[in-house]
Every structure is written in C-alpha cells, then in structure tokens.
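The values are calculated or read from the model by the stated rules, or taken from the named source; none is laboratory data. Model, not experiment: these values are computed from the prediction. A quick note on method: Cβ atoms are made from the backbone with ideal geometry, for glycine too, and the neighbour counts reach across all protein chains shown. The area values use the complete protein model at the heavy-atom level, side chains included, leaving out ligands, DNA and RNA. Shrake-Rupley method; radii C 1.70, N 1.55, O 1.52, S 1.80 Å.
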Amino acid sequence: MEKTENLLDKIVSLCKRRGFIYPSAEIYGGFAGFWDYGPYGFALKNNIKQLWWKMFVADREDMYGIDAAQITKHDVLQASGHVGGFSDPLADGSRFNTMFRTSAGAGEDAQTAYLRPETAQGIFTNFKNIVDSFHPELPFGIAQIGKAFRNEISPRDFIFRAREFEQMEVEYFVKPNEWMLAFEFWQKKMHEWISAVGIDATKAHELEVPDSERAHYSKRTIDFEFDFPFGRKELYGLAYRTDFDLSNHAKASRVELSYLDEETKTKITPHVIEPSLGVDRTVLAVLCSAYFEDELGGEKRVVLKLKPAIAPIKVAVFPLLKNKPELVKKAREIFTDLKIAIGAVVFDDNGNIGKRYRRQDEIGTPFCITVDFDSLENGDATVRDRDSGKQERVAIPDLATRIQKDS
Ligand code: ATP
C-alpha cells in the first residue's frame, strides 16, 4: 500500500472522470474558484454533512439548527466588521474587500447587500429569535450548514481555496467565565470528528494561533491543519470570539441581545466558542486520506478507502455473467431489495467481474455482491470487502443486515 506522487493531480482527475467534481462552466473554459459537484461528489458531500449534523447537532440536546438567508443586509456585515475589514492585500499594497457585493430590489429601493462570507453572522442575528422561541439555558449552541462566498484573489489547489464553498459552523453560547471548559470540549469534539469522517489523524495537527496572528475578534484560536499534497494548511478553525459579535450587533441594531441568568437574576451577554469547518476542505482531506494505489490478487488498482458511512455508493450488485437471464434476474431481485433497505446501491453487469470491482474500488464502494450459479442452488451470494478483497458467502435474506453491520 503506497501513497503516490502527484496525489492532487490524481485526485482531480479521478474526481472529474468518475463524476465527483467538475470545473464549473467547463464548456466555457471554466470559472476560476468555482466547482460543480457531480452525482458521487454530491453524495459524498451530503453524507459528510449528515454525519457532522448528527455528531454536532442532532445527537445533542443543547443545539438548535437553522438555515439563514445567504444574501445578507449591509448593516449586518457593517456591524460585524466585514464591510470595513474583510480584505486581503493586493500586490500594489492596497486592500481588496473579498465580499461579493450585490444589490437587492430595483430602482430607488435598491440596497447594497452581500453574499455572506461566513455562515456565522446569520446565527448571531438569530440569537434573539432562538432565545425567545425556545428559552434555552446556557450553555447552548446554534448550528448551520450552508454556502459562503469569498472573492478570493487567487483561488487555487482545487476545492481548497474556492470562491464559493460550504461551511458547517456552531456558535456555542456560554457564561463568560465558562469559556475555557467549552473551548476544550469543542477541541476534543473536532478531534473526534477528524477520525470519524475518515481524515488521516497522523496528518492532522492542532496549531495554537499566536496573539499577533489571531482575527481581531478572537481571544484564543486553534487552527486544525492538514498535510495536503500542497503543504500543511488550515482545515478548520476553533475560535473564542468573546461577546464581540453579540455586543456589536446589539449596539448597531439597538436591540438588546442578552440573556437573563436565572441564578443571579442578572442580564449577561453570552460569550461564544466557534468550531468552524469547511465542507469542501473536508471532502479534499478525506479524498487525500482515502486514496491508495495498491495491488490486489496480482492486479494494480486505485482504491478510495472511504468510511462506509460517507461512501457515495454502499454496495454494488453484479450477476456473474451478463448473458445468463437467471443470474441477471436473481441479481436484480437482490438489487431491488437492497435499494429499499440501504438506498445507495448500484447494479452493474458491464464487463468482466474484475473490471467491475476496479470501478467500484475507485469510487470507494465498501461492498460488492456477486450472484453466481451456486447462488441459484444455495440461495446465497458472495460479499466482497473493498479493502481486503476477502469474499464470504452470505444467505440472500441476510445481505442487508450483513452490509449494515459494517456501514
Ligand atoms: P484561510 O486562512 O485558509 O483563508 P480562513 O482563516 O480565512 O482560511 P475562516 O474564515 O476561519 O478561514 O473560515 C472557516 C473555514 O472555512 C476554514 O477553516 C475552511 O475550512 C473554510 N474556508 C475558508 N475559506 C475557504 C475557501 N476560500 N475555500 C474553501 N473553504 C474555505
């Protein structure tokens, strides 16, 4: 099992060839910084988001999920500091604000707006709504998964630095003196996530960001970095944002954004811990961790050793031979049943079995089921494991359970 040279080129090419990720507007020469996810990439990305939602939101009692508007009112981003400060230096020394500006409405009613540069602000502006509707007790979090847009001066390294990307963010509200505990809790959770999603933990590193390099709003930041093929780069961030955002929005909107502490009967402005995770950087780190070129049964292959939970296809069903109607019929019956039980299942009768295995290995399908003549006699089929190549015979009625056991 070996890692390969030019890993990024190989991943980019596999993604295009096998329907994971395409350059956006490719028939018009492409569009720097924009990428379109194809069927397998879309499925992989959705599975990653679902796993994150489960671990960070759905399995917990202290989390509230929202889906805020992507086009953001000028006032919001003025108060958050983005209008004045969300900029990168240009070669000539001037600064370029990397927000995409647009306008909402026609004629005299038109007002300046922005495509949100992060999902976080939609959370802060809904803080009062969540408190009023749900009366949560501190600590609690509001979470959101959604698109973010940054007019990056030089988009590069495939989906690592894009102009349109997705984030998974939590703003976790705490009593000011309890921030350290929450920070350490989310640090551990992010560490757990890295392994759960299938990112090679030996290539992930936590970097305590020094005072001089932290964002203006943060009193402590840890960058989670990953050894990408183009170097060690930021994968995720964990920041202690103090009460910076709530205080600034309260000041600018003149709406009180506080929380009544029942114990002391005093109003406080909660402080915030923010785990911020990029979906696309997760996809890339997962692909870099899962891509292997190895040899199985004397044949070279490319394999994506994806965790079954995030694999775009969970199982492929094959009749041993295409021209034997009884095999095809049995295989289609199994396929139909599994499709109901598992969902992400494909049927393939094209080419020899070896080729079909290679095709599924390349997209990371954890299991392949083959129906042969013994299946018709004995009512079982072979289940082949992607990573080891080992095959076992499983009774047809037990196939779904067998596959679900390991996914
Ligand atoms: P960088 O320093 O790499 O530009 P950042 O510090 O500006 O990143 P944050 O503002 O902390 O990034 O954004 C949170 C997360 O959003 C990042 O950790 C990353 O996963 C993701 N992200 C940020 N910018 C991009 C981008 N241009 N393309 C893809 N993902 C991004």
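Ordering Trp53, Trp193 from largest to smallest accessible area (1.4 angstrom probe), what's the sequence? Show your work: numbers first, answer last.
Values: Trp53 80, Trp193 0 Å².
If we order Trp53, Trp193 from most to least accessible, we get Trp53, Trp193.
Close amide H pairs (under 5 Å, H built 1.01 Å from N) link Ala113 with Thr102, Ser103, Ala104, residues at least 5 positions away or on another chain. Over the range 313-405, the pair-distance histogram of Cα-Cα distances with 5 Å bins from zero comes to 3, 15, 29, 28, 19, 5, 0 percent, rounded to whole numbers.
Reported to the nearest whole Å, the Cα centre-to-centre distance from the range 363-405 to the range 1-78 is 31.
Accessible area of Lys329 (1.4 Å probe, protein heavy atoms only, ligands and nucleic acids ignored): about 130 Å².
When the solvent-accessible surface of protein heavy atoms is calculated with a 1.4 angstrom probe, in what order do Glu171, Glu206 fall, highest first? Before the final figure, lay out each step's value.
Numbers: Glu171 0, Glu206 80 Å².
Largest accessible area first, the residues go Glu206, Glu171.
With θ taken as phi - 60° and the Karplus curve 6.51 cos²θ - 1.76 cosθ + 1.60 applied, the whole-hertz 3J(HN,Hα) list for the range 277-287 is 10, x, 5, 5, 5, 5, 4, 5, 5, 5, 5 Hz, x standing for glycine and proline. The heavy atoms of Arg359 present about 70 square angstrom of accessible area, all protein chains included, probe 1.4 Å.
Rank-order 227-236, 393-402 by packing density, defined as the average count of other C-beta atoms within 10 Å over each peptide's residues, highest first. It would help to have the intermediate numbers written out before the result.
Numbers: 227-236: 16.9, 393-402: 14.9.
In decreasing order of mean packing, 227-236, 393-402 become 227-236, 393-402.
Would you please classify the overall shape of the range 283-356 from the alpha carbon gyration tensor, given that a ≥ b ≥ c denote the square roots of the eigenvalues, rounded means a/c under 1.5, and beyond that prolate means a/b larger than b/c while oblate covers the rest? Oblate, since a/c reaches 1.5 and b/c is not below a/b. If one takes the longest principal axis of the Cα atoms in the chain, at what angle in degrees, from 0 to 90 and to the nearest 10, does the Cα axis of helix 244-253 lie? Roughly 60 degrees between the two axes.
Report, in deg cm²/dmol and to the nearest 500, the calculated mean residue ellipticity at 222 nm for the chain, where each DSSP H run with n ≥ 4 adds -39500 (n - 2.57) and the sum is divided by the residue count.
Numbers: 13 runs with 131 residues, N = 407.
Value at 222 nm, helices only: -9500 deg cm²/dmol.
So for Met168, Met180, Met55, what's the accessible-area order with a 1.4 Å probe, most first? Please list the in-between numbers first.
Details: Met168 0, Met180 110, Met55 30 Å².
Output order, biggest surface exposure first: Met180, Met55, Met168.
For Arg220, the amide hydrogen comes within under 5 Å of the amide hydrogens of Tyr240, counting only partners 5 or more places away or on other chains and with H modelled in the peptide plane. Helix 353-363 axis versus longest C-alpha principal axis of the chain: approximately 0°, rounded to the nearest ten. Rounded to the nearest 10 square angstrom, Lys322 shows an accessible area of 120 square angstrom against a 1.4 Å probe. Rounded to the nearest 10 degrees, the angle from helix 39-53 to the longest Cα principal axis of the chain is 50 degrees. With θ taken as phi - 60° and the Karplus curve 6.51 cos²θ - 1.76 cosθ + 1.60 applied, the whole-hertz 3J(HN,Hα) list for the range 373-385 is 5, 4, 4, 5, 6, 9, x, 9, 8, 8, 10, 10, 8 Hz, x standing for glycine and proline.
For the set Lys305/Lys405; Lys189/Lys339; Lys73/Lys233; Lys10/Lys355; Lys314/Lys355; Lys49/Lys128, the pairs lying more than 22 angstrom apart at their alpha carbons are Lys189/Lys339; Lys73/Lys233; Lys49/Lys128. Accessible area per residue for the range 113-196 is 38 Å², calculated with a 1.4 Å probe on protein heavy atoms, without ligands, DNA or RNA. Pairwise Cα distances in the chain exceed 37 Å for 34 percent of all pairs. Computed from phi, the 3J(HN,Hα) profile of the range 95-112 under the Karplus parametrisation 6.51, -1.76, 1.60 (θ = phi - 60°) reads 10, 10, 6, 8, 7, 7, 9, 9, 9, 10, x, 10, x, 5, 7, 4, 10, 4 Hz, with x in place of Gly and Pro.
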